[in-house]
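Note sheet for the following structure.
The values are calculated or read from the model by the stated rules, or taken from the named source; none is laboratory data. Everything numeric here is computed off the predicted structure, so don't read it as measured data. Virtual Cβ from ideal backbone geometry, glycine too; neighbours counted across all protein chains shown. SASA here: full protein model, heavy atoms, side chains in, ligands and nucleic acids out. Shrake-Rupley method; radii C 1.70, N 1.55, O 1.52, S 1.80 Å.
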Amino acid sequence: MKPARFDYHRPARLAEALELLSGHGGNCKVLAGGQSLVPAMNFRLARPEILIDINDLKELGRLEDGAQGLRIGALVRHAAFHQPADDSELSRLLSRVVRHIAHYPIRQRGTFGGSLAHADPASEWCLVAATLSAEMTIASTAGERKVPADQFFRGLFTTAVAENELLTAIEIPALPPGARGGFYEFSRRAGDFALAMALAVLVVDGGVIRWARLGLGAAADRPLRLLPVERMLEGRLADAATFREAAAAARDLASPSGDIHGGADYRKDLVATVVERALTEAAS
């Protein structure tokens, strides 16, 4: 398959890219890693009249660590997380999560920002952003605005980024002292899209959960942060019985759709499994 005809632009400055988006809006597509866009164009599921290649915008490729957390430029490749960016639990957690993203060659080209902008419910980075209260920086010719994760993801492949805007950076706050993370994903084969996945971060003191974050991916039309389950966990013993109860509650909150890989009930059962295993890892 070949894509439909399009005009190609490779701006050297962010302002130039934003001017192109402002002038052409819905007729444009932004090319970063191209791991989702290029196949869609080849199958003519996407037919942009103008393709804006942002790979020369070096300021979008910076990964910065600090006491407040990580600031991830939209062009930072998945492969940048193969090794932790620093000695924090957040960086170590991202380094564990990235191993589940597709295959090694794709991680060399795919980008953190591209994954969030694509907003696939089975995206590991979308789950990370939703669970850990990331904040997205979105730019246009009118300036910048900040959008928290709970307002960024609008639905299946839909985000708060308007046609004349560009996602430029993602900020993930540092985890509290003593926090430990757990991640579990189920897919048919290594590198396949997840059928269910869960991310858990816990602070456990004296065997009791003092702070909790829990999220689900591939279980609805967007990544889910499970606030009711987090509240249920806090103040409880970090033991198998608590985690089983949390897994059952997460199953009830999930709304996966059935497909060729399994029906909705099967995938709800997977939700319970991945939540229990992510929580167990976080507490271990």
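Descriptive notes on the structure:
- Candidate set: segment 205-232, residues that are β-branched (Val, Ile, Thr) and buried (at least 23 other Cβ atoms within 10 Å of the Cβ); chosen: the one nearest to Ser255 (Cα to Cα): Val229
- Selection within segment 41-64 - within 20 Å of the chain's Cα centre (by Cα), open to solvent by 20 Å² or more (accessible area, probe 1.4 Å) and hydrophobic (A, V, I, L, M, F, W, C): Leu63
- Of all the residues in segment 255-284, those that are small (Gly, Ala, Ser) and without any contact (Cβ under 8 Å) to a residue 40 or more places away in the chain number 6.
- Some residue of segment 155-169 being modelled with pLDDT of 95 or more, under 11 Å from the mean Cα position of the chain (by Cα) and closer than 24 Å to Ala196 by Cβ: no
- Extreme residue, nearest to Glu185 (Cα to Cα), among residues of segment 244-284 that are of a type in the set (Val, Ile, Thr) and in a helix (DSSP H, G or I): Val274
- Boolean, Arg107 is open to solvent by less than 60 Å² (accessible area, probe 1.4 Å), among the basic types (Lys, Arg) and either modelled with pLDDT of 95 or more or under 30 Å from Gly215 (Cβ atoms) (or both): yes
- For Leu202: the one exception among (1) within 23 Å of Leu116 (Cα to Cα); (2) open to solvent by less than 10 Å² (accessible area, probe 1.4 Å); (3) outside the structural domain of Val76 (by TED's automatic domain parsing): (1)
- Among the residues examined, Glu171 does not qualify as under 30 Å from Gly207 (Cα atoms) and either among the aliphatic types (A, V, I, L, M) or in a strand (DSSP E or B) (or both).
- Residues in segment 227-250 that are free of Cβ contacts under 8 Å to residues at least 24 places away in the same chain and under 16 Å from Met197 (Cα atoms): Ala249 alone.
- Only one of the numbered conditions (1) open to solvent by 60 Å² or more (accessible area, probe 1.4 Å); (2) touching a residue at least 24 places away in the same chain (Cβ under 8 Å); (3) in the same structural domain as Ser123 (by TED's automatic domain parsing) is violated by Leu75, and that is (1).
- Being among the acidic types (Asp, Glu) and open to solvent by 50 Å² or more (accessible area, probe 1.4 Å) is a property that holds for Asp87.
- Condition met for Ser36 (surrounded by fewer than 16 Cβ atoms within 10 Å (Cβ to Cβ) and touching a residue at least 40 places away in the same chain (Cβ under 8 Å)): no
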